[in-house]
Amino acid sequence: MHDILPADVGYWQMLEKTAEAVLNSYGYSEIRFPIVEKTELFLRSIGEVTDVVEKEMYAFVDRNGDGLALRPEGTAGCVRAVVEHGLLHDNPMRRLWYRGPMFRHERPQKGRYRQFHQLGVEAYGVAGPDIDVELILLSRRILQQLGVATDLCLEINTLGSVDARLAYRQRLVDYLSQHVDQLDDDSRRRLQTNPLRILDSKNEAVKAVVAGAPNMLESMDEASKAHFAGLCSMLDAAGVTYTVNPRLVRGLDYYSQTVFEWITDSLGAQGTVCAGGRYDGLIEFLGGRASQAVGFAMGIERLISMMQAAGSVPATNAPDGFVVAVGEVAQRQAVLLSERLRDQLPTFKLLNAAGGGSFKSQMKRADRSGARWAILLGEDEISQGTVAIKSLRAEGEQVVIPQSELIAHLAAKN
Ligand code: HAM
């Protein structure tokens, strides 16, 4: 878990603003739901034998004896909220987004944190691959606008319908059972619990066995194949470059049909910056009326590392003006003058040299703040009803003007 310090916050704000503008342009609405949910929600939706639930969830029993957990991801909570508030009744084709902290007790390393942040997007009620394509295009547009798209590759796959997936699972188990002696402990355990995950094992010996495994796409029913073919042809038409990775299975149980990930080599081992897919069965499973669903989430920390490496520079938060006031009377007047300025020039960023000090020390603070102008109030200015303005970033004489002209003067410069 980490702090986000003022020097980095600019990147977060830049990312949030950019993503929000793109999401608005596609007609998605923001939803906010709690960080804590019933543990059972995650067990049921993500799956009891996934790493996220088995090993990584911050689950606890509260004072009432209720089992609660810090959310490890957003999809489950989003569906819970949608079902609980009947959001699909008046608009069955809801398009939603959210962002915020997620929690997984993973082994920390670069790009992998225990509190991390996601920007998640979910679209409900559309069966066709057109909405899958919309989400991929939307994610690409955000990545392009953040200046990181050139370093990313899109991988896609299909897990087929729930029935196709179950049938494939059996074929896979039959095949892998003949090679148990070549599997590592983790894969042997998964053979009983979550065999599809063996497909993306990083163990070389396991990879060699997996290379000969039955092909998921070939094992699929016609409707699933048609969905995937539709997806590919629309991506082609939209000029999206992608790779079909038959080993892409995702680590959460709720997926069926389309899955996708945006991946980079530039972040080391944690190269997936955006991942998602279709999860048509989940809404009904969690008590809602059956409805299709598809979504993705981006890892904000990973995206920000890429933005920094790409040399993106967020807007600075330096003030425009810094009020230097020497003496008690001037200090009191400075507070009132600053408020008048903020009333009339709300976009002008103004810092007040609160705390007083000598002229020299206040000027030093003004300079360090990065402000463009120092607005000076001393005894002379107070007695004459004037104010002095000095540029801190460019050469030029200090000008002295009546206080009544200050706002017009600064407005002209701003
Ligand atoms: P996920 O693949 O578990 O999917 O996470 C999505 C993204 O969150 C990852 O690709 C990664 O960028 C980021 N992420 C995950 N764990 C960490 C971590 N420990 N530290 C830093 N970043 C991390 C989901 O969470 C699904 N809910 C996505 C989804 C939405 N599918 C459908 N709708």
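The values are calculated or read from the model by the stated rules, or taken from the named source; none is laboratory data. Note that the structure is predicted; figures quoted are calculated from it, not measured. Please note: Cβ atoms are built from the backbone with ideal geometry, for glycine as well, and neighbour counts cover all protein chains shown. The accessibility values were calculated without ligands, DNA or RNA, using every heavy atom of the protein model including side chains. Shrake-Rupley method; radii C 1.70, N 1.55, O 1.52, S 1.80 Å.
Results, tabulated for the structure shown:
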quantity	calculated
Test: Ala229 is within 18 Å of Leu166 (Cα to Cα), at pLDDT 90 or above and either of a type in the set (A, V, I, L, M, F, W, C) or in contact with a helix residue (DSSP H, G or I) (Cβ under 9 Å, 6 or more places away or on another chain) (or both)	no
Matching entry among Val126, Val133, Val173 (being out of contact with any strand residue (DSSP E or B) (no Cβ under 6 Å at 6 or more places or on another chain), part of a loop (DSSP other than H, G, I, E, B) and touching a residue at least 12 places away in the same chain (Cβ under 8 Å))	Val126
Selection count where residues are open to solvent by less than 10 Å² (accessible area, probe 1.4 Å) and either more than 10 Å from the ligand (Cβ to nearest atom) or of a type outside the set (Phe, Trp, Tyr) (or both), scope the stretch 249-270	5
Residues that are part of a helix (DSSP H, G or I) and either crowded, with 19+ Cβ neighbours inside 10 Å or of a type in the set (D, E, K, R) (or both), drawn from the stretch 314-330	Glu328, Ala330
Single residue of Glu284, Glu301 found to be over 23 Å from Ser219 (Cβ atoms), without any contact (Cβ under 8 Å) to a residue 40 or more places away in the chain and not β-branched (Val, Ile, Thr)	Glu284
Those residues of the stretch 185-228 which are within 29 Å of the chain's Cα centre (by Cα) and closer than 20 Å to Val126 by Cα, in sequence order	His227, Phe228
The stretch 98-144, residues that are more than 10 Å from the ligand (Cβ to nearest atom), of a type outside the set (Lys, Arg) and more than 17 Å from Thr241 (Cα to Cα)	Gly100, Pro101, Tyr124, Gly125, Val126, Ala127, Gly128, Ile131
The listed residue being under 35 Å from the mean Cα position of the chain (by Cα), open to solvent by 40 Å² or more (accessible area, probe 1.4 Å) and under 30 Å from Gln257 (Cα atoms), out of Gly295, Gly311, Gly287	Gly287
Tally of residues being among the basic types (Lys, Arg) and either over 26 Å from Ala21 (Cα atoms) or crowded, with 21+ Cβ neighbours inside 10 Å (or both) across the stretch 81-98	1
Strands (runs of 3 or more DSSP E) contained entirely in the stretch 35-74, each with at least 3 residues that are under 18 Å from Ala297 (Cα atoms) and open to solvent by 60 Å² or more (accessible area, probe 1.4 Å)	none
Any chance Glu134 is open to solvent by 10 Å² or more (accessible area, probe 1.4 Å), closer than 25 Å to Thr18 by Cβ and at pLDDT 95 or above	yes
All positions within the stretch 340-358 that are over 13 Å from Ile375 (Cβ atoms) and open to solvent by 80 Å² or more (accessible area, probe 1.4 Å)	Asp343, Gln344, Pro346, Thr347
